[in-house]
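Each value in this text was obtained by applying a stated rule to the coordinates, not by laboratory testing. Keep in mind that this is a model prediction, so the values were computed, not measured. Reconstructed Cβ throughout: ideal geometry from the backbone, glycine too, with neighbour counts over all protein chains shown.
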Amino acid sequence: MGKNILIEREDGEIIMADYLHAEKSQKEKNSPLVIMVHGFPKLQKENDIFRILVKTVHDLGLSCLQFDFTKSVNVKAEEDKFTLKSAKQDIETILAWAENNNYTKVAFIAEGLGAPITFMSLPENAVFTILFWPAFDLKYVRDEQFNIKAHKKALEENGFFNLNGALIGNDLLDELQDTDITPYLKEAHTPTLALHGMKDEVIPIAHLDIARKDLIVPRLMITSFDDGKHGLIQSNHRKTIVQQITEFIDKYKDFAPESEDEISV
């Protein structure tokens, strides 16, 4: 089990995190801190892939940090709602915490909307990224995943609506409409592994077409599961996921950028 910690942003917002330190990483000073970036809304606990990955990362001798985006959990109607801007501030605060705790390198495992948020804040000292069902089509997230047409009345009356316990506000919807993720993807520099289910009805696998087109990284590896649904919850999928991530991290935890790009699918 990790240690629960509180990390304060410059504006006083508190980020709740779980930090699992690996003794091996203390001996190997150049080992990256693996930062796990959940999507919004978060997966339900029973489907949370991060529960498995924490053990995988720790078994590989790396420290990891999970955190909740501010304004993403236990938010009240009268409070500010989750936004991409606030999420970016959270990532930047986590990176500052990592530097203050002597981590010279970081890596990311992100799911859903956490994937574009990660690339919007990707630091130079990031060595790899692992993505689960990345939500790169932000307009799709706004219009289809959040289904704003069905919530038009609530938006007009309140400025937000409740989507399975998560409060979706107008500020986030405007960001999803206006943000162009392409420049961030083209500037990315980390070897990247993306995993997605062909039968994902929440974030369709077509989102990976954006990765193939615009994610310009030294290595891009994509694994799709023919019968995979959102969350890749089947036991055989998760066994394959652990195997692939283990091999990927072993290969790229000490990665240094190369001059030529190579994309493999």
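With each pseudo-label sitting 7 Å past Cα toward Cβ, what's the E124-I216 distance in nm, one decimal?
Roughly 1.9 nm, to one decimal.
With Cα extents along the principal axes in Å in mind, check (i) 55, 42, 37; (ii) 59, 39, 31; (iii) 59, 50, 23 and report the label derived from this structure.
(i)
On full extension of the chain, what length is gained from N236 through K76, given 0.36 nm per residue of separation minus the C-alpha to C-alpha distance? Write down the numbers at each step before the final one.
On the way: separation 160, 0.36 × 160 = 57.60 nm, distance 3.88 nm.
Using 0.36 nm per residue and subtracting the Cα-Cα distance, I get 53.7 nm.
Can you compute the FRET efficiency between A154 and I14 using 1/(1 + (r/R0)^6), with r the Cβ-Cβ distance and R0 = 22 Å? Round to the nearest 0.05.
0.20
Multiplying the sequence separation of K85 and Q244 by 0.36 nm and subtracting their Cα-Cα distance, what value in nm do you get?
Contour length minus the Cα-Cα distance gives 54.0 nm.
Where does the chain land at 222 nm, in deg cm²/dmol rounded to the nearest 500, when only DSSP H runs of n ≥ 4 count, each adding -39500 (n - 2.57), divided by all residues?
-9500 deg cm²/dmol
Consider just the alpha-carbon atoms of segment 152-265 and return their Rg together with their Dmax, both in angstrom.
17.8, 53
Under a Cβ-only charge scheme (Lys and Arg +1, Asp and Glu -1), can you give me the dipole magnitude of the chain about the Cα centre, in debye to the nearest 20? Mind dumping the intermediate values first?
Numbers: 30 positive and 43 negative charges, 154 e Å.
Roughly 740 debye, rounded to the nearest 20.
Could you give the length gained on full extension between L163 and N30, defined as 0.36 nm per residue of separation minus the Cα-Cα distance, in nm?
Between L163 and N30, full extension yields an extra 43.8 nm.
Under a Cβ-Cβ cut-off of 15 Å, what is the net charge of the residues other than P123 that fall near it, where Lys and Arg count +1 and Asp and Glu count -1?
Working: positive: K88, K105; negative: D90, E92, E99, E124, E187.
That works out to -3.
I'd like the FRET efficiency for E92 and K251, computed as 1/(1 + (r/R0)^6) with the beta carbon distance as r and R0 of 25 Å, rounded to 0.05. Walk me through the numbers on the way to the answer.
Working: r = 28 Å, r/R0 = 1.12.
FRET efficiency, E92 to K251: 0.35.
Which of the GluC sites (Glu not before Pro) found in segment 92-178 are loop residues per DSSP with 15 or fewer other Cβ atoms within 10 Å of their Cβ?
E124
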